[in-house]
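Notes for the one structure printed next.
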């Protein structure tokens, strides 16, 4: 079992956290996801068969890129949409 700690951009609320948890847990090989909103941090426990890059790519597709990536308008809009979906899913 491996643990990845990924600092992301656009993390705003519990709705964001819910979306991230649900979508990452749907990936085969991901066992546990913790989202620490105050630190903009996503902690993922996963099997060795899943790559960190796959986790980071999924976060990017949801609108939560790694904090080191360029944070453009399209990414921000995706994060707002993910946030709203997460709030409705709570």
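Bear in mind that the values in this text are calculations on the coordinates, not laboratory data. This is a predicted model, so every value here is computed, not measured. Neighbour counts are summed over all protein chains in view; Cβ atoms, including those assigned to glycine, are modelled from backbone coordinates with ideal geometry.
Here are some notes:
- Exposure proxy for 4, 48: other Cβ atoms within 10 Å of each Cβ, ordered fewest to most, give 48, 4.
- Between residue 81 and residue 4, the FRET efficiency from the beta-carbon distance, with R0 = 30 Å, is close to 0.80.
- Stretch gain in nm, segment residue 54-residue 12, where the contour uses 0.36 nm per residue and the Cα spacing is subtracted: 12.9 nm
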